[in-house]
1. Give me the net charge for the shell around Tyr81: Cβ to Cβ below 10 angstrom, other residues only, Lys and Arg +1, Asp and Glu -1.
2. Quick one: how many lysine pairs does the chain have with C-alpha atoms less than 25 Å apart and a gap of 8 or more or different chains? Give me the count, please.
3. Can you give me the Cα centroid spacing of the range 167-213 and the range 99-149 in angstrom?
4. Using a 1.4 Å probe, what is the accessible area per residue for the range 122-213, in Å²?
5. Counting only protein heavy atoms and using a 1.4 Å probe, what share of the accessible area of the chain belongs to carbon plus sulfur, as a whole percent?
6. Under a Cβ-Cβ cut-off of 12 Å, what is the net charge of the residues other than Ala169 that fall near it, where Lys and Arg count +1 and Asp and Glu count -1?
7. Using DSSP loop states and a limit of at most 11 other Cβ atoms within 10 Å to flag GluC sites (Glu not before Pro), what is the longest stretch of the chain containing no flagged site?
8. State the label only: which of (i) 59, 50, 46; (ii) 59, 53, 41; (iii) 65, 43, 36 corresponds to Cα extents along the principal axes in Å computed from the shown model?
Amino acid sequence: MPESVYAESLASAAQPHPQLHSRLQLTRLLADSGSNQTQADQGLQVIQGLSKTPKTLPAQYFYDDRGSLLFEQICELPEYYPTRTETAILQAYAPAIATLTGSCELVELGSGSSTKTRLLLDAYSQMGPTPWYCPIDVSGGILEQSAITLLQDYPTLNIHGYVGTYEAALAALAQPQLPTRMICFLGSTLGNLNPQECQAFFDQLTRSLQPGEYLLLGVDLQKSPQQLEAAYNDSQGITAAFNLNMLRHLNWRFQGNFQLDNFEHLAVYNAAEHQIEMHLQSLSAQQAKLAALDLTLEFEQGETIRTEISRKFDLTTLQQQLQQQPAQAQPGTTKRLQPLQTWTDANHWFGLILCQCQRG
């Protein structure tokens, strides 16, 4: 089903009651797809990635409305341990997190359905009203639907959602409505960034936070290749559908003609880099076009597009990296992320790190 149909169905299912309007604000940062120049701007990373050898695509193109719904299904799969493991950690330790930070505005990167966020909202509710939540997601339909549901379930909650990329939303964040804020980056999406991108992202987070504010980071930890590969090659084929949907999204957004039946999902563990790599493998020699980008692609049989990496972390090493100061910090304004506390499950499959932005 095209993205526009999914967006329409989600919007119709999430029409807010008039009294909720006063507690909901949405800022849409994604450019208007009706402009050809805008399309080219949006697709610059697509052009660059597909012009490489080997070809790559930005992981953000997983998340049209259909892709977001498929990812929610992935999170429920028996093979996919990260979501239920992180949820169990939050169930056990959300009150401790709230106690350490005190009442604060929650900003969530890649909020999706905001399911795990409810555990934090519940913990902060025990300290008093939880008036401000700022979800950030590239899928406007999912963000709006989840926001309306949260407003119905939390009568004192106010939501300012941002439809856009992490980078754009962090740059556009309004002044916090509470004395402090906490940026939440759950689900181990950090693993989608290579080491250089990861450090640049930490630098941006540090710039986005004021001294005394917090970062809550969820990360998938290193474990056996067999367990990892099973998680990304589920028996129901939901992960394969999620991966292939990226081509459908590109077809819709950039007037493409990718034939999904001519590609297959492939996920393998790269032991040297401690990362899962997801690919779309061409089943035959073929050609595809993205007309809005004036891009024609040739594929050999067996050639792949790498659509995602999912790095698996060592907690000690990651905490050391978090404390590195931004590379271009101005004199007298140096800040860093200081890890305060870590939590893991009994199997050490997944970790949460709470950091505080500090000077020096």
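The values are calculated or read from the model by the stated rules, or taken from the named source; none is laboratory data. Quantities reported herein were computed from a predicted structural model and do not represent experimental measurements. Note that each Cβ is placed from the backbone with ideal geometry, even for glycine, and that neighbours are counted across all protein chains shown. Surface areas here come from the heavy atoms of the whole protein model, side chains and all, with no ligands, DNA or RNA. Shrake-Rupley method; radii C 1.70, N 1.55, O 1.52, S 1.80 Å.
1. Cβ neighbours under 10 Å give a net charge of -2.
2. Count of close lysine pairs: 7.
3. Spelled out, the Cα-based centre of one part sits 15 Å from the other.
4. That works out to 36 Å² per residue.
5. That fraction is 48 percent.
6. -2
7. Here the longest run is 77-299.
8. (i)
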